[in-house]
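Notes follow the structure.
The values are calculated or read from the model by the stated rules, or taken from the named source; none is laboratory data. Since this is a predicted model, take the numbers as computed values, not measurements. Please note: Cβ atoms are built from the backbone with ideal geometry, for glycine as well, and neighbour counts cover all protein chains shown.
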Ligand code: SF4
């Protein structure tokens, strides 16, 4: 390990020597620490700085432009029926591998007895998964999800069909709002982020064969977003 | 092993210019990426301002690079990850192999990583008995074909779908020989199916990193396929490959860079998957890697920082300068002879490999300025190319014609009036000659170039004349 430390010190030393021509090391460290202590907001585009209702519409428009599908329901208890309807419209079995997010714990699943919901990580055999978004970003129709014991990351990538529940109140204009929410809600120990934060904008795609866009290489072929007004 | 051929630039170019399949593929890049970037940049009213901000963030970071890297390392370690430093490709390879061997790894899945290409990690792992599997579809295709990438974000853009089908038949021997592989979706389905098991059974996953965030100790990958996420989620060990200039101060700074990255690269508003990873699996997590490592490579970058080319360290590898470059669009990526092609490669490669190894690359430009016009972090690529050309001259590496031409150019350039006097009539003559046909088919001193590509006819006025008129 000491060899490694030497290599790091060596590289940092070379960088320092190059920079010392124009500034001194202590000043550089102070400037860097200050920027991290209170990150400048930078420039946030106007596009999504609109009313909450318009943000929901903007979110749906952008998500659909990148081939996601969206649905909107009023109550949490409408979710089982909406899920069953979507799965059947795609000729998929009425079975889903699901996150154990507390929000889904409040759903009355007995309303849709034919729908089977399994909890846990996704495996190769799972055809469809259900996850809950931490946020929806209107600026580009981007979902934000993050890893947690009840939210395994494999749910977002292994199954061919990825269904994401998004409470309306979690739709925001820009990414920056979400960073602040994450910093405040998740806490900042030891560093400020969950193990993985996923921004998801549409289903998996590739242009690697003759530049023709095709959906569903490796990740989900379908991304279906269900916005819930009261959740 | 794909050998670097940076010293054979001229013969590479000759081959590329007569390669029909390559020329067809390059036409696709020109229309697809260029068109999409234009639309995306026009749809976001703040796009040009965001480019200024992106440039400033990168400049600020580079000016405080040692400080941000130190903070980054502390935060990686605080979240349970490991940082490994590598002075050069040999050290980087050894570090990666040692991590793989520490968990008795047999197979390694790989997301797309230009650093991985730079250190030729696949060859090294293979030599040491491991099986590295590229999972980005384009990288998978070129791995099967034993080639280097021809584009930094579309590595197999030179390959036709028939050639992909041939490579698949050659490799996937356990599938029925009579299956149809004519359509892109058949190729896609086969690749998806073949790579599934590889993802699930891999012992180690290696990805690149578009950014490292000092504030949180996170690495960021940007992909469209989702292969990078499967690569880093399913195996027990995740290794992210990065280089010193990838660090960015904060989440907000990273976000600004992300706003210009995809728009400049593919013309997407945002790539499908942008993933921020911080440390290994947490105690109660049900999935994710048990170990998280980041390898940070120097490989000549500290020399760039100390010298005249530090602006190149702003590059976020979007590929826009390739897509918009008339030279790249005529000769493709392989002609540049190493992993970084196009204008960014012509500046970076001599810096990383040494000028002796790549003296011809800075000549691979018409200095038309299109690259600088589209670069999201506003790197003055033409000036940097000129700077290398000066060094080539000084170090006496160029052939005598180049030297001679440069010498006279310098005589004129230092005397604007003289330059103006000669350039004007000559341009007018070229313009008159060409306008008869619309395009120049032949210019004596540019033989190799104009045989395969019509030179747009000068419009009869030099830049300086136009500039004067514009200012009136
Ligand atoms: S030099 Fe600029 S345009 Fe070229 S790849 Fe780098 S960031 Fe993109």
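Does residue A:35 fit the bill of being within 30 Å of residue A:172 (Cβ to Cβ) and within 9 Å of another protein chain (Cβ to nearest Cβ)? When the stated conditions are applied, residue A:35 passes them. For the residues B:99, B:115, B:57, B:39, the requirement of being under 25 Å from the mean Cα position of the chain (by Cα) and closer than 20 Å to residue B:208 by Cα singles out B:115. Of the strands (runs of 3 or more DSSP E) lying entirely inside segment B:27-136, those containing at least 1 residues that are more than 13 Å from chain A (Cβ to nearest Cβ) span B:107-110, B:131-134.
Taken over segment B:290-318, the residue count meeting the criterion of being buried (at least 23 other Cβ atoms within 10 Å of the Cβ), more than 15 Å from residue B:244 (Cα to Cα) and more than 9 Å from chain A (Cβ to nearest Cβ) is 1.
Do the conditions hold for residue B:209, that is, is it in contact with a strand residue (DSSP E or B) (Cβ under 7 Å, 6 or more places away or on another chain), within 16 Å of the ligand (Cβ to nearest atom), part of a strand (DSSP E or B) and over 17 Å from residue A:200 (Cβ atoms)? The answer is no for residue B:209. Summed over segment A:179-202, the residues that are more than 7 Å from chain B (Cβ to nearest Cβ) and either at pLDDT 95 or above or over 14 Å from the mean Cα position of the chain (by Cα) (or both) give a count of 8. Just one of the numbered conditions (1) touching a strand residue (DSSP E or B) at 6+ places or on another chain (Cβ under 7 Å); (2) touching a residue at least 40 places away in the same chain (Cβ under 8 Å) is not true of residue B:251: (2). Evaluated against (1) closer than 25 Å to residue B:390 by Cα; (2) away from the ligand (no atom under 12 Å from the Cβ); (3) touching a helix residue (DSSP H, G or I) at 6+ places or on another chain (Cβ under 6 Å), residue B:297 falls short on exactly one condition, (1). Regarding residue A:145, is this residue closer than 28 Å to residue B:189 by Cβ, touching a strand residue (DSSP E or B) at 6+ places or on another chain (Cβ under 6 Å) and either surrounded by fewer than 18 Cβ atoms within 10 Å (Cβ to Cβ) or more than 9 Å from every other protein chain (Cβ to nearest Cβ) (or both)? Yes; evaluated as a whole, the condition is true for this residue.
State whether one or more residues within segment B:319-332 are more than 16 Å from the ligand (Cβ to nearest atom), away from chain A (no Cβ under 14 Å), over 13 Å from the mean Cα position of the chain (by Cα) and surrounded by 24 or more Cβ atoms within 10 Å (Cβ to Cβ). Yes, that holds for at least one residue. Among the residues of segment B:272-288, is there at least one that is more than 10 Å from the ligand (Cβ to nearest atom) and more than 9 Å from every other protein chain (Cβ to nearest Cβ)? For segment B:272-288, residues more than 10 Å from the ligand (Cβ to nearest atom) and more than 9 Å from every other protein chain (Cβ to nearest Cβ): absent. Filtering B:361, B:385, B:348 for residues that are in contact with a helix residue (DSSP H, G or I) (Cβ under 8 Å, 6 or more places away or on another chain) and surrounded by fewer than 23 Cβ atoms within 10 Å (Cβ to Cβ) leaves a single hit, B:385.
When segment A:148-178 is filtered for residues that are closer than 30 Å to residue A:40 by Cβ and either without any contact (Cβ under 8 Å) to a residue 60 or more places away in the chain or within 9 Å of chain B (Cβ to nearest Cβ) (or both), the ones remaining, listed by number, are A:148, A:170, A:174, A:175, A:176, A:177, A:178. It is to be established whether one or more residues within segment B:352-375 are more than 13 Å from the chain's Cα centre (by Cα), within 14 Å of the ligand (Cβ to nearest atom) and within 14 Å of chain A (Cβ to nearest Cβ). Within segment B:352-375 (the criterion being more than 13 Å from the chain's Cα centre (by Cα), within 14 Å of the ligand (Cβ to nearest atom) and within 14 Å of chain A (Cβ to nearest Cβ)), the answer is no, since none of the residues qualifies.
Residues checked against (1) within 12 Å of chain A (Cβ to nearest Cβ); (2) crowded, with 23+ Cβ neighbours inside 10 Å; (3) farther than 15 Å from residue B:141 by Cα; (4) at pLDDT 95 or above:
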{"position": "B:177", "(1), (2), (3), (4)": "no, no, yes, no"}
{"position": "B:186", "(1), (2), (3), (4)": "yes, no, no, no"}
{"position": "B:193", "(1), (2), (3), (4)": "yes, no, no, no"}
{"position": "B:196", "(1), (2), (3), (4)": "yes, no, yes, no"}
{"position": "B:204", "(1), (2), (3), (4)": "no, yes, yes, yes"}
{"position": "B:209", "(1), (2), (3), (4)": "no, yes, yes, yes"}
{"position": "B:214", "(1), (2), (3), (4)": "yes, yes, yes, yes"}
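The residues of segment B:33-90 that are crowded, with 21+ Cβ neighbours inside 10 Å and in the same structural domain as residue B:328 (by TED's automatic domain parsing), listed by number, are B:33, B:37.
A search for C-beta distances below 8 Å between a residue of segment B:333-346 that is assigned by TED's automatic domain parsing to the domain that holds residue B:152 and any residue that is within 13 Å of the ligand (Cβ to nearest atom), counting only pairs 6+ apart in sequence or on different chains, returns nothing. Regarding segment B:236-244, can at least one residue be identified that is assigned to a helix (DSSP H, G or I), in contact with a strand residue (DSSP E or B) (Cβ under 8 Å, 6 or more places away or on another chain) and either more than 20 Å from residue B:55 (Cβ to Cβ) or within 15 Å of the ligand (Cβ to nearest atom) (or both)? Within segment B:236-244 (the criterion being assigned to a helix (DSSP H, G or I), in contact with a strand residue (DSSP E or B) (Cβ under 8 Å, 6 or more places away or on another chain) and either more than 20 Å from residue B:55 (Cβ to Cβ) or within 15 Å of the ligand (Cβ to nearest atom) (or both)), the answer is no, since none of the residues qualifies.
Which residue pairs have Cβ atoms under 7 Å apart, sit 6 or more places apart or on different chains, and have a first residue in segment B:255-266 that is within 8 Å of chain A (Cβ to nearest Cβ) and a second that is at pLDDT 95 or above and within 12 Å of the ligand (Cβ to nearest atom)? Once the first residue is within 8 Å of chain A (Cβ to nearest Cβ) and sits in segment B:255-266, its partners that are at pLDDT 95 or above and within 12 Å of the ligand (Cβ to nearest atom) give B:256/B:54. Against the numbered list (1) at pLDDT 60 or above; (2) part of a helix (DSSP H, G or I), residue B:408 comes up short only at (1).
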